1. Please state the Cα pair-distance histogram of segment 141-255 with 5 angstrom bins from zero: what percent is in each bin?
2. So, counting K/R as plus one and D/E as minus one, what does the shell of residues with Cβ under 12 Å around Asn146 add up to?
3. So between Gln98 and His45, what do we pick up on full extension, going 0.36 nm a residue minus the alpha carbon distance?
4. Can you compute the FRET efficiency between Lys451 and Arg360 using 1/(1 + (r/R0)^6), with r the Cβ-Cβ distance and R0 = 35 Å? Round to the nearest 0.05.
5. Mind checking segment 173-269 for trypsin sites (Lys or Arg not before Pro) that DSSP puts in a loop (not H, G, I, E or B) and that have at most 15 other Cβ atoms within 10 Å?
6. Bin by bin, in steps of 10 Å, what percent of the Cα pairs in segment 93-154 do you find, going until the bin that has the longest distance?
7. Helix by helix, which DSSP H runs in the chain go 15 Å or more along their axis at the Cα atoms and have an average Kyte-Doolittle hydropathy of 1.0 or more?
8. What trypsin sites (Lys or Arg not before Pro) in segment 31-109 are in a loop by DSSP, with at most 15 other Cβ atoms within 10 Å of the Cβ?
Amino acid sequence: MTMTGLCNRRDWLQRSGMGLGAIALTDLLIRDGFTAPGALAQPHHPPRAKRVIYLFQSGGPSQLETFDYKPLLNEKQGQPLPDSVRAGQRLTGMSANQAILPLAGSFTEFHQYGQNGTWVSDLLPHTAQVVDDIAVVRSMYTEAINHDPAITLLQTGQQIAGRPSIGAWLNYGLGSDNDDLPAFVVLITRGKADQPLYARLWGSAFLPTRHQGVQFRAGKEPVLYLDNPPGIDRSSRGQLLNKLRSLHEAEFAETGDPMVEARIDQYEMAFRMQASVPEATDLAGEPEHIFEMYGPDSKKPGTFAANCLQARRLAERGVKFIQLYHQGWDQHGSLPTAISTQCRETDQPAAALLKDLKQRGMLDDTLVVWGGEFGRTNYSQGKLTASNYGRDHHPRCFSMWLAGGGVQGGVTYGETCEFGYNIASKPAHVRDFHATLLHLLGLDHQRLTFKFQGLDARLTGVEHAHVLHDILKA
């Protein structure tokens with residue numbers, strides 16, 4: 001749906017002559033169960049999912065050590081990548097000047113799990129136990145070969161910065177299910193040094209700013225600048241905001257500037273969050289068996305495990321899009337040691353999240369996504385030894401998984417060639433992933449648009465995208 005004018009809930013109430021009284025009535029209705037509307041009066045079709053938890057593994061996890069079993073690489077260990085397989089495809093500057101590109105088999109073993117025998121690495125024993133709830137897509141691909149454009153494409157639909165993020169699009173189209181918390185929350189694992197993350201990855205770009213993601217942090221101040229200054233109590237802050245709102249509403253009535261209304265919304269949300277955020281982020285009341293399910297790190301604020309548990313709490317409270325970022329997957333060298341650490345940090349919490357949602361009856365309408373911005377090469381970057389190797393960036397094929405929210409569990413989609421270098425069947429572009437995600441939320445990716453620079457902009461852009469119907473429940 002394209003926004004064609006500035007008229008919205010607050011503007012409509014003002015111009016219909018009801019004024020501040022109607023605004024107050026609307027706030028009361030929201031607190032009695034009504035939700036903040038989006039641009040759409042209703043979804044394009046019945047949704048399968050109400051919310052999304054996206055576990056983004058920043059840096060590019062190696063599919064060859066996680067979900068894409070390629071025994072041929074072990075058989076041909078150290079032999080050069082055949083020219084017929086590479087077919088002249090471009091390399092990064094980090095391995096383009098190597099004398100040879102030696103094939104590197106995985107140091108870890110794989111086994112089959114679940115009713116359909118899905119191959120899963122021994123590095124992911126907890127994920128292996130929930131494989132019947134997930135759909136593994138082995139044929140993802142992208143054009144971006146470096147981190148910044150690749151992660152920007154995954155998060156915003158374009159390689160160049162300046163486009164709204166996935167969560168912002170969902171907030172714009174569908175609105176909020178909880179007026180006291182942001183519809184879009186970001187959680188970043190604390191203390192992980194790797195490729196940088198930018199606020200624009202969860203930004204709203206040309207969409208109204210109220211749709212951007214809000215980062216929650218571990219510690220005493222989960223949201224920066226939310227607490228009152230010393231000497232200011234909640235009553236005083238409320239009186240101040242009421243006066244400020246009156247001034248902004250007078251300005252909006254005169255100018256019709258949507259940025260003024262956005263400021264009103266943000267002030268009001270921040271005031272409500274002063275009460276809602278402490279309750280939502282306090283894990284102390286969780287029973288001991290839940291902490292045990294998510295693993296020992298779940299009691300350490302800011303870890304991936306604690307963030308997964310926090311994501312479940314936010315999902316329970318109506319947050320529509322919860323984005324977790326876990327850095328550290330950029331393993332150009334020392335891959336066996338580094339990826340083992342990454343999997344220990346993420347495997348148990350990710351599997352526990354699925355189990356926790358399922359036992360609460362929430363997995364059916366919660367879409368959970370796991371994956372990074374691209375894959376890794378089937379050859380070693382730098383020296384290959386019996387116990388050590390690294391893998392360069394590889395956009396030609398990589399693996400992701402999806403679970404819940406209308407996704408058919410226990411299936412795999414697409415295959416790569418026996419060398420794990422090219423896609424052999426059912427290619428799935430990043431745009432196809434976006435189209436599928438929107439479809440599960442009840443949105444047609446071609447119809448969720450916003451007028452920008454004379455065009456109907458959309459998450460999937462102007463190129464072809466299709467929904468991955470083979471991984472969806474009938």
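Read the figures in this text as sums done on the coordinates, not as results from a lab. No experiment lies behind these values; they were computed from the predicted model shown. Backbone-built Cβ (ideal geometry, glycine too); neighbour counts: all protein chains shown.
1. Going from the shortest bin to the longest, the percentages are 2, 10, 14, 15, 18, 17, 11, 7, 4, 2, 1.
2. My count for the surroundings of Asn146 gives -4.
3. Details: separation 53, 0.36 × 53 = 19.08 nm, distance 5.16 nm.
Fully extending the segment from Gln98 to His45 adds 13.9 nm.
4. Numbers: r = 40 Å, r/R0 = 1.14.
It comes out at approximately 0.30.
5. For trypsin sites (Lys or Arg not before Pro) across segment 173-269 that sit outside H, G, I, E and B with at most 15 neighbouring Cβ atoms in 10 Å, the list reads Arg190, Lys220.
6. 16, 29, 35, 19, 1
7. 19-31
8. Details: sites: Arg31, Arg48, Lys50, Arg51, Lys76, Arg86, Arg90; in loops: Arg48, Lys50, Lys76, Arg90.
Answer in residue order: Arg90.
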